[in-house]
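Only one structure is covered here, and it is reproduced in the block below.
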Amino acid sequence: MDRLEDRMCKKHDRLLELFCQTEEVCVCLLCTVTDHKSHPVVPLKEEYEVKTAQLGKRGAEVPQKIQERKQKIEEIKDTVELSNKDADREIAHGGQVFTALIGCVEKGRDEFNQTVKEKLKSTVTQAEDLIKELEQEIEDLTNQSSKVKRLSHTEDHLHFLQSFRSLKDPPPTRDWTTVEVRPPSYVGTLRRSLDQLEETLNMEMKKLPDDAELKRVQKYEVDVTVDPDTAHPKLILSEDGKQAALGPRGAGEKRLGARGAHECQARGRAGGKGGAGLGAKLLTVVIDREGRQG
Ligand SMILES: [Zn+2]
Ligand SMILES: [Zn+2]
């Protein structure tokens, strides 16, 4: 603001030396008796000092706010990191379970195929045996037929009569009219396989929840350090923040159930063996009267 006219009232062409607090504008002496007659006015310097103080206060709050937001970003990132690890673990675990279940399904399919093939095989074997028998009979009949033909040309009486004796009975043959090969029936085979598979899968699934819960519990068995600044006032923390005990009875404590355990919250930082922080987490520490931590 280096031009003189900017410092002058446009209406009265006089120096802007006062501040109208109603309209928050700079005014000249003449303004205070005309347009701003009933408005409270103060010298520029006075308003300047008020506003400077406000600005300073706001300025001091900014780094704090930035710090809080950076902290929030870290927390969110930690949550994402944890979520990624959780997802990986869950996918790995789910993968194992699905692989096991797929194994059951494949086994069921193989057994079903095997059953069908065995039924087919027994029919085929029966058919082959019958065909063999029929072919044997054809051979016997053919032999008989040629003997008969040869004999019919014999004019040697003795030879004819001797041979006729052995030919008078036709070779033993079977009555084939009622014999038939029945194609195998697969009725109910698939149903039985699926029922069995269902039973197996149900058994496998019953095993699941315990397994998953166990893994979930193991997952949270980490080295936790409790932050004393955020700990519930009833919590007495050890030097390293890894042990917590319950302070004297007082107001604000929340009793849990009949066993007299107490639930307190604190922010904790969990650290892995590699020292990689798993992030700040709001922990719920349950401590019973004997001081055992749960
Ligand atoms: Zn003016
Ligand atoms: Zn005014």
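Values in this text are rule-based calculations from the coordinates and carry no lab data. Predicted model only: the values in this text are computed from it and were never measured. Backbone-built Cβ (ideal geometry, glycine too); neighbour counts: all protein chains shown.
At-a-glance table
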quantity: Two-site label geometry, D13 and V80: point separation in nm, points 7 Å out along Cα→Cβ; calculated: 6.3
quantity: Two-site label geometry, F98 and L55: point separation in nm, points 7 Å out along Cα→Cβ; calculated: 6.2
quantity: Approximate spin-label separation R174-K132, in nm, with each point projected 7 Å along Cα-to-Cβ; calculated: 1.2
quantity: Among the listed pairs K65/K85; K10/K45; K119/K207, those beyond 24 Å (Cα-Cα); calculated: K65/K85; K119/K207
quantity: Loop trypsin sites (Lys or Arg not before Pro), the stretch 14-109, which have at most 11 other Cβ atoms in a 10 Å radius of their Cβ (DSSP); calculated: K37
